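Peer 1: Provided herewith is a single structure, encoded as structure tokens, for subsequent inquiry.
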Amino acid sequence: MQKILLYVLVMLVSTAMLQAEETPTFEKDIGPIFQKKCVSCHNASNQKGELDLTTPFGLFKGGESQSTLVSGDLDSSYLYELVHSRMMPPDGEGEPLTDTEIHSIEVWIKNKTPFADGTDPASFIAATEVNQHDIQPIMLLRCTVCHGNRRQEGGLDLRTKASMLKGGESGPAIVLGKPEESLIIKRMAAEEMPPRDKLLPSGVKVMPGNEVDILKRWIELGAPEVTVTPDVATASGDPLVSEEDREHWAFKKPLRPLVPRTHDQEAYNAIDLFVIRKQSEAGLQMSVEASKDTLIRRVYFDLTGLPPSPEEVEAFVKDDSPNAYEDMVERVLTLPAYGERWARYWLDAAGYADSEGKRSADPIRKSAWRYRDYVIRAFSKDLPYSEFLRQQIAGDELLDYSDPETITEQHVDNLVATGFLRMAPDGTGSDVVNSVAERMEVVADEIDIFSSTVLGLTMKCARCHTHKYDPIPQRDYYRLMAVFQGAYDVHDWLKPTAVPGQSNGVMSNRTLIISPPELLAEVDEHNKQKQSLIDLQNVRLNELRRKLQTDHQEKAVAELPEVIRADVKKAFATDGDDRNEIQRYLHEKFRKALELTDKALEADKVFVALKKEVDETVKGLNEEKRETPTIRALWDRGQPSPTYIYVRGDHTQSGRLVGPGVPSVLTDGKTPFEAVTLEGGAVGTGRRLALANWLVGGEHPLTSRVMVNRIWSHHFGRGIVASVDNFGKLGILPSHPELLDWLAVEFVESGWSIKHMHRLMLHSRTYRQISGLSEALLVDDPENVLLTRMPLRRLSAEEVRDSVISVAGMLEQSQFGEPDAVNVRKDGLVTAVGKDGAYRRSVYLRQRRKEMPSWLETFDLPQMNPACQTRSTSNVAQQALYLLNSEMVRELARQFAKRIMSETRELPTQVERMYLNVYSRLPRQEEVELSVEALTQLKAQWEEYNNRLPENERDAVDPELKALTIYGHTLLNSAGFLYVD
């Protein structure tokens, strides 16, 4: 009994305490929490996430995520979600809220956010009436695909109040003050608009009830319009990005530092002086210079992705002239293989693929290869990087391409170059996935590729919210999106290509037929000639078919009663419409007997043989036809839809209107972004050209740094900034910041020459070091950050394949053109289709996202989703097994052996030639002796095997070729071949 009384007493006391607990108020409880824990990042002058928590008005107004606080509704209050999940304050950026403080905020919101003085919370919420900027995003999302810029069905344009009042063929779309009498509301209520059969082809959905209510309210209020200036950079400064934000090292323009001096180590150029100073500070020094055969192999693979020929190795090793090394580098830079090798790096970063991705069908991009060829040519001729970027970002705005009579090669190049902005996966060619959400994914991927590749920044997360680490407001993401809006308008979309069976009439595609008239005429004439030859082949087959039909018919008629033979022949000789009733009867009755069936034709040996010959000839002639030259381009159409910030990245929730711009932190914050006035008749908004000019204008803090860092990373295995695609606050700090800035300035002042950067880096003593790792360096410089040696590098996927083909003498040297076909087995093995046993370089292989060549995939060829900024390198058993068991590799090893046998039949010399081809060096004496012994034994074993075969099979086995094939195959699977010192 006492226990029960005690329990009741405790409950009563607890209840009384709960009743006595005061409900938190803003002034006494909540405001002080924000003041202590939040306002350092969310105040009037520093509004991270565009949120000011210093006043009740700022609290209820919200920020980039719109309203952060809903009085009485905990689930809808984004502010509570952030503090309860402890996402705010971010780790390391402020004192975390205590459990008690979080509980106080929770109780305050649940109790309808009371104030001590009795102020109604609603008074802090701006009384915003519905205006055109609440309506326009809805119209863009639901209606303007059929009633907008390119299409105005029924003569109706729904983009503005004026066009709605003007109406179309059925009258005005809206009646001011009377939503229920407005035609647009009536048609939606009757489920006539949008037409249900056009939802899928148009990529739209029915307007939901909440949006209909907003539209009704707007009409009821008289369709009010207010003047809203798009949020753009102005001379008054930027409240969201501070000068302190701009102090990050990568956000400041690079300046040429003084080159240090040194007396304790030999230096070949300025690069070495910067490197030596860092080494000296750590008490370290460079390794010795590598041997000449090591250097030529290193240079050839780094610049061309192929090994040097034995003749090139021998000539360089014997060249004792003072400039032998520099001359060798210069020769290699002029080789066609250089452009093919270095284009591959850029194609990775751009996300190059020969298919669209996204859908399981993974449709082929028919003309994507033109962009690949453009990049190869650009690197080969050392096109200034500044112009390379301008052409890729705004090639369509550089020249007028509208007049076919004036189209030049430069016009075509400029348009092909814009393929850089067309490389992201794009499944919107199918009606099923052509929604605004899917289109936004394409745009987001392209912005991701652009920002990572060119800016060296990760902007992807700013699509949904202000960047958590870098000073990139969500606003800046959508400003950048507005720059591309003239070409990538999610509300006025063009499909990537024409898709058979899809609604190509509703959605045009992004393929241009832009070629000089003479080229178009040449293609047309060529195809007419091929078609004439095809027609002749078909005539041959049809003549034989008619003859066989006549013979069959005469034979069949002869077996009929003589009294009806003449009538039957006449019935069959008369055209169908001209037959009388008796003739129609005779034709129908004897049709099966007199007509030659396909089965009878297939039984005729002469016909079958001719058909096979004609089919093969026609197939070959069709393959010889040339497609009308098309370009997978991006072009500005000059009338972009307005750009709104999407709240939390949701395209159905439009926020503030923004104009075009660039990340504020990369500017002074006071210079407006101004579109370029296009010259020479070029058409477009001029926004992307302004972006391109800003990137290469000389004041940009990142453009030159990012590119020279990429070049450095490919030569030295690691960038000066190891995170090559992230120069932001989460990126890795530069190991040699002054060297990076010196190279960046030198790059610009050299005319943006990439080959000049190669020369500087390859001529340095730093590059010429050995790759050997001593125990001391393993302790003092384990990651080679101080560049005390050259890194040992495994060949890339393409280098492995191309080098095996090259040493076998089966590398086909032709450049450019459509991708080489691959064969896809049922088990998924994807192999190249060679021509007469020869193969082109891997860069020309068809790169389908879901059918990647197995050899290349085994050696870490990345899948482009959407791109690859840095490749990973693995060392797994599958790689050795592939080289051992692949039929193609085995055949190439046999061709390698045949090639060596054609040069010499002396075993020691064969060993030397194989070593020079595979390792770019002569074998040591002990290697020759062991190899000769092994070859002798292998040959003897094959001879013994051959002698056991029947005499009629012995010629099929050449013991010497077999032995040399196995030996060469072994060398090609060795670490010495697969790695570069």
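Peer 1: Looking at the stretch 636-650 only, could you name the residues that are closer than 15 Å to THR144 by Cα and buried (at least 16 other Cβ atoms within 10 Å of the Cβ)? Even if it seems obvious, please write down each step before you answer.
Peer 2: So the first thing to find is which residues in the stretch 636-650 are closer than 15 Å to THR144 by Cα, and the list is 639-643.
Of everything in the stretch 636-650, those that are closer than 15 Å to THR144 by Cα and buried (at least 16 other Cβ atoms within 10 Å of the Cβ) turn out to be PRO640, SER641, PRO642, THR643.
Peer 1: Now, a different point. Within the stretch 183-199, how many residues turn out to be surrounded by 15 or more Cβ atoms within 10 Å (Cβ to Cβ) and of a type outside the set (Lys, Arg)?
Peer 2: The total comes to 6.
Peer 1: A further question follows. Filter the stretch 560-569 down to the residues that are out of contact with any helix residue (DSSP H, G or I) (no Cβ under 7 Å at 6 or more places or on another chain) and either surrounded by 13 or more Cβ atoms within 10 Å (Cβ to Cβ) or under 18 Å from THR550 (Cα atoms) (or both) and list them by number. Lay out the reasoning, then the answer.
Peer 2: Looking only at the stretch 560-569, we keep the residues that are out of contact with any helix residue (DSSP H, G or I) (no Cβ under 7 Å at 6 or more places or on another chain), and these are 561-564, 566.
Within the stretch 560-569, ILE564, ALA566 meet the criteria.
Peer 1: Restricting attention to the stretch 652-704, and to residues there that are of a type in the set (S, T, N, Q) and farther than 30 Å from LEU743 by Cα, which single residue is surrounded by the most Cβ atoms within 10 Å (Cβ to Cβ)?
Peer 2: First, pick out the residues of the stretch 652-704 that are of a type in the set (S, T, N, Q): 652-654, 664, 667, 671, 677, 685, 693, 703-704.
Checking the rest, the ones that are also farther than 30 Å from LEU743 by Cα come to 652-654, 677, 685.
Numbers: THR652: 16, GLN653: 14, SER654: 21, THR677: 9, THR685: 23.
If we take residues in the stretch 652-704 being of a type in the set (S, T, N, Q) and farther than 30 Å from LEU743 by Cα, then THR685 is surrounded by the most Cβ atoms within 10 Å (Cβ to Cβ).
Peer 1: How many residues does the stretch 515-572 contain that are aliphatic (A, V, I, L, M) and either outside the structural domain of GLU623 (by TED's automatic domain parsing) or touching a residue at least 24 places away in the same chain (Cβ under 8 Å) (or both)?
Peer 2: Just the residues of the stretch 515-572 that are aliphatic (A, V, I, L, M), to begin with: 519-521, 523, 533-534, 536, 539, 541, 544, 548, 556-558, 560, 563-564, 566, 568, 571.
Within this subset, residues satisfying the condition of being either outside the structural domain of GLU623 (by TED's automatic domain parsing) or touching a residue at least 24 places away in the same chain (Cβ under 8 Å) (or both) are 519-520, 523, 533-534, 541, 544, 548, 556-557, 560, 568.
Of the residues in the stretch 515-572, 12 are aliphatic (A, V, I, L, M) and either outside the structural domain of GLU623 (by TED's automatic domain parsing) or touching a residue at least 24 places away in the same chain (Cβ under 8 Å) (or both).
Peer 1: Filter the stretch 401-431 down to residues that are assigned to a loop (DSSP other than H, G, I, E, B) and modelled with pLDDT under 90, then give me how many there are. If you could, list the steps in order and put the result at the bottom.
Peer 2: Applying the first criterion (assigned to a loop (DSSP other than H, G, I, E, B)) to the stretch 401-431 yields 401-403, 407-408, 423-430.
Still in the list and also modelled with pLDDT under 90: 401-403, 407-408, 427-430.
Total satisfying the criteria: 9.
Peer 1: If GLN878 meets every condition in (1) within 27 Å of LEU916 (Cβ to Cβ); (2) part of a helix (DSSP H, G or I); (3) in contact with a helix residue (DSSP H, G or I) (Cβ under 9 Å, 6 or more places away or on another chain) apart from one, which number is that one?
Peer 2: Of the numbered conditions (1) within 27 Å of LEU916 (Cβ to Cβ); (2) part of a helix (DSSP H, G or I); (3) in contact with a helix residue (DSSP H, G or I) (Cβ under 9 Å, 6 or more places away or on another chain), the odd one out for GLN878 is (1).
Peer 1: In the stretch 714-731, is there at least one residue being hydrophobic (A, V, I, L, M, F, W, C) and closer than 21 Å to ARG390 by Cβ?
Peer 2: Within the stretch 714-731, the first condition is being hydrophobic (A, V, I, L, M, F, W, C), and the residues that meet it are 716, 720-722, 724, 727, 730.
Narrowing further to those that are closer than 21 Å to ARG390 by Cβ: none.
No, the stretch 714-731 contains no residue that is hydrophobic (A, V, I, L, M, F, W, C) and closer than 21 Å to ARG390 by Cβ.
Peer 1: If you don't mind, there's one more thing I want to ask. Filter the stretch 720-751 down to the residues that are of a type in the set (D, E, K, R), farther than 10 Å from VAL708 by Cα and surrounded by fewer than 21 Cβ atoms within 10 Å (Cβ to Cβ) and list them by number.
Peer 2: The first filter runs over the stretch 720-751 and keeps only residues of a type in the set (D, E, K, R), leaving 725, 729, 738, 741, 746, 749.
Of the ones still in play, those that are also farther than 10 Å from VAL708 by Cα are 725, 729, 738, 749.
Residues satisfying the conditions are LYS729, GLU738, GLU749.
Peer 1: Just give me the residues in the stretch 201-237 being in contact with a Pro (Cβ under 9 Å, 6 or more places away or on another chain), under 30 Å from VAL662 (Cα atoms) and of a type outside the set (Val, Ile, Thr), in sequence order.
Peer 2: PRO230, ALA233, ALA235
Peer 1: May I pose another question? Go over the candidates VAL226, VAL145, VAL206 one by one and state the one that is surrounded by fewer than 15 Cβ atoms within 10 Å (Cβ to Cβ), hydrophobic (A, V, I, L, M, F, W, C), part of a loop (DSSP other than H, G, I, E, B) and touching a His at 6+ places or on another chain (Cβ under 8 Å). First the steps, then the outcome.
Peer 2: Working: VAL145 fails: surrounded by fewer than 15 Cβ atoms within 10 Å (Cβ to Cβ); VAL206 fails: touching a His at 6+ places or on another chain (Cβ under 8 Å).
Exactly one residue qualifies, and that residue is VAL226.
Peer 1: I've got another one for you. Looking at TYR477, TYR469, which is the one that is over 15 Å from the mean Cα position of the chain (by Cα) and surrounded by 20 or more Cβ atoms within 10 Å (Cβ to Cβ)?
Peer 2: Details: TYR469 fails: surrounded by 20 or more Cβ atoms within 10 Å (Cβ to Cβ).
On inspection, the qualifying residue turns out to be TYR477.
Peer 1: Please find, within the stretch 816-861, the residue that is nearest to the chain's Cα centre (by Cα) out of those that are closer than 30 Å to MET901 by Cβ and assigned to a loop (DSSP other than H, G, I, E, B). Can you show your working first?
Peer 2: If we filter the stretch 816-861 for residues that are closer than 30 Å to MET901 by Cβ, which is where we start, we get 820, 823, 831-842, 844-845, 853-856, 858-859.
Within this subset, residues satisfying the condition of being assigned to a loop (DSSP other than H, G, I, E, B) are 833-834, 836-837, 840-841, 853, 859.
Details: VAL833: 26, GLY834: 27, ASP836: 33, GLY837: 32, ARG840: 24, ARG841: 21, PRO853: 18, PHE859: 20 Å.
Restricting to residues being closer than 30 Å to MET901 by Cβ and assigned to a loop (DSSP other than H, G, I, E, B), the top hit is PRO853.
Peer 1: If you scan the stretch 847-865, which residues turn out to be more than 16 Å from LYS826 (Cα to Cα) and of a type in the set (A, V, I, L, M, F, W, C)?
Peer 2: Selection gives TRP855, LEU856, PHE859, LEU861, MET864.
Peer 1: Return the residues of the stretch 802-818 that are farther than 16 Å from GLN895 by Cβ and of a type in the set (D, E, K, R); say none if nothing qualifies.
Peer 2: Within the stretch 802-818, GLU818 is the sole residue that qualifies.
A quick yes/no check of all residues on (1) among the β-branched types (Val, Ile, Thr); (2) within 28 Å of HIS714 (Cα to Cα):
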{"site": "VAL824", "(1), (2)": "yes, no"}
{"site": "LYS835", "(1), (2)": "no, no"}
{"site": "GLN847", "(1), (2)": "no, yes"}
{"site": "LEU856", "(1), (2)": "no, yes"}
{"site": "LEU861", "(1), (2)": "no, yes"}
{"site": "MET864", "(1), (2)": "no, yes"}
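Peer 1: When only residues in the stretch 650-659 that are assigned to a loop (DSSP other than H, G, I, E, B) and touching an Asp or Glu at 6+ places or on another chain (Cβ under 9 Å) count, which is nearest to ALA233 (Cα to Cα)?
Peer 2: Among those residues, the one meeting the criterion is GLY659.
Peer 1: Scan the stretch 614-645 for residues that are closer than 22 Å to ASP492 by Cβ, over 23 Å from the mean Cα position of the chain (by Cα) and of a type outside the set (A, V, I, L, M) and jot them down.
Peer 2: Kept after step one, since they are closer than 22 Å to ASP492 by Cβ, are these residues of the stretch 614-645: 630-645.
So of that shortlist, the ones also over 23 Å from the mean Cα position of the chain (by Cα) come out as 638-645.
Passing the criteria: GLY638, GLN639, PRO640, SER641, PRO642, THR643, TYR644.
Peer 1: Mind checking which residues of the stretch 158-171 are part of a loop (DSSP other than H, G, I, E, B), under 23 Å from ASP492 (Cα atoms) and over 35 Å from the mean Cα position of the chain (by Cα)?
Peer 2: First pass over the stretch 158-171, keeping only residues part of a loop (DSSP other than H, G, I, E, B): 158-160, 167, 169-170.
With the extra rule that they be under 23 Å from ASP492 (Cα atoms), the set shrinks to 158-160, 167, 169.
Residues satisfying the conditions are THR160, GLY167, GLU169.
Peer 1: Can you name the residue in the stretch 800-823 that is charged (D, E, K, R) and either over 18 Å from ASP302 (Cα atoms) or outside the structural domain of SER874 (by TED's automatic domain parsing) (or both) and is also surrounded by the most Cβ atoms within 10 Å (Cβ to Cβ) among such residues?
Peer 2: Going residue by residue through the stretch 800-823, those that are charged (D, E, K, R) are 801-802, 812, 818, 820.
Now narrow it down to the ones that are either over 18 Å from ASP302 (Cα atoms) or outside the structural domain of SER874 (by TED's automatic domain parsing) (or both): 812, 818, 820.
Details: GLU812: 16, GLU818: 15, ASP820: 19.
Among residues in the stretch 800-823 that are charged (D, E, K, R) and either over 18 Å from ASP302 (Cα atoms) or outside the structural domain of SER874 (by TED's automatic domain parsing) (or both), the one surrounded by the most Cβ atoms within 10 Å (Cβ to Cβ) is ASP820.
Peer 1: Then there is this: Cβ contacts < 9 Å: first residue of a type in the set (Ser, Thr, Tyr), restricted to the stretch 189-216; second residue assigned to a helix (DSSP H, G or I), any location; separation 6+ or different chain. Result?
Peer 2: Pairs that qualify, where the first residue is of a type in the set (Ser, Thr, Tyr) and the partner is assigned to a helix (DSSP H, G or I), are SER202/ASP431.
Peer 1: Kindly provide the set of residues from the stretch 602-649 that are modelled with pLDDT of 90 or more, among the polar types (S, T, N, Q) and not in a helix (DSSP H, G or I), ordered by number.
Peer 2: Matches in the stretch 602-649: SER641, THR643.
Peer 1: Just to verify a result, which residue in the stretch 349-365, among those that are touching a Lys or Arg at 6+ places or on another chain (Cβ under 8 Å) and part of a loop (DSSP other than H, G, I, E, B), is farthest from CYS868 (Cα to Cα)? Don't jump to the end; show me each part of the working.
Peer 2: Residues of the stretch 349-365 touching a Lys or Arg at 6+ places or on another chain (Cβ under 8 Å): 349, 352-357, 360, 362, 364-365.
Next, from what is left, pick out any that are part of a loop (DSSP other than H, G, I, E, B): 352-354, 356-357, 360, 362, 365.
Working: TYR352: 9, ALA353: 11, ASP354: 15, GLU356: 16, GLY357: 15, SER360: 21, ASP362: 19, ARG365: 19 Å.
Among those that are touching a Lys or Arg at 6+ places or on another chain (Cβ under 8 Å) and part of a loop (DSSP other than H, G, I, E, B), it is SER360.
Peer 1: May I ask you to verify whether ALA897 is modelled with pLDDT of 95 or more and either polar (S, T, N, Q) or over 26 Å from GLN769 (Cα atoms) (or both)? Give the steps one after another, and end with the answer.
Peer 2: On the way: modelled with pLDDT of 95 or more: yes; either polar (S, T, N, Q) or over 26 Å from GLN769 (Cα atoms) (or both): yes.
Answer is yes for this residue.
Peer 1: Determine the pairs where a residue that is touching a residue at least 60 places away in the same chain (Cβ under 8 Å), located within the stretch 919-948, has a partner that is outside any helix (DSSP H, G or I) and of a type outside the set (D, E, K, R) with Cβ atoms under 6 Å apart, the partner being 6 or more residues away or on another chain.
Peer 2: SER920/PRO307; SER920/PRO308
Peer 1: Name the single residue that is surrounded by the fewest Cβ atoms within 10 Å (Cβ to Cβ) among those in the stretch 254-272 being under 38 Å from the mean Cα position of the chain (by Cα) and of a type outside the set (Val, Ile, Thr). It would help to see each step written out before you state the result.
Peer 2: So the first thing to find is which residues in the stretch 254-272 are under 38 Å from the mean Cα position of the chain (by Cα), and the list is 254-257, 269-272.
Checking which are of a type outside the set (Val, Ile, Thr) leaves us with 254-257, 269-270, 272.
On the way: PRO254: 25, LEU255: 10, ARG256: 14, PRO257: 14, ASN269: 15, ALA270: 16, ASP272: 24.
Per the stated criteria, the residue is LEU255.
Peer 1: Right, next: How many of the residues making up the stretch 543-559 are modelled with pLDDT of 85 or more and surrounded by fewer than 13 Cβ atoms within 10 Å (Cβ to Cβ)?
Peer 2: 3
Peer 1: Return the residues of the stretch 491-532 that are at pLDDT 90 or above, of a type outside the set (S, T, N, Q) and surrounded by fewer than 15 Cβ atoms within 10 Å (Cβ to Cβ); say none if nothing qualifies.
Peer 2: Within the stretch 491-532, GLU525, HIS526, LYS528 meet the criteria.
Peer 1: Still on this model: Could you please let me know if LEU156 is of a type in the set (A, V, I, L, M, F, W, C) and closer than 20 Å to THR643 by Cα? Explain how you work it out, then say what you get.
Peer 2: On the way: of a type in the set (A, V, I, L, M, F, W, C): yes; closer than 20 Å to THR643 by Cα: no.
No: the conditions fail for LEU156.
The values are calculated or read from the model by the stated rules, or taken from the named source; none is laboratory data. This structure is a prediction, so every number in the text was calculated from the model and none was measured. Don't worry about glycine lacking a Cβ; one is built from the backbone with ideal geometry, like all the others, and counts go over all protein chains shown.
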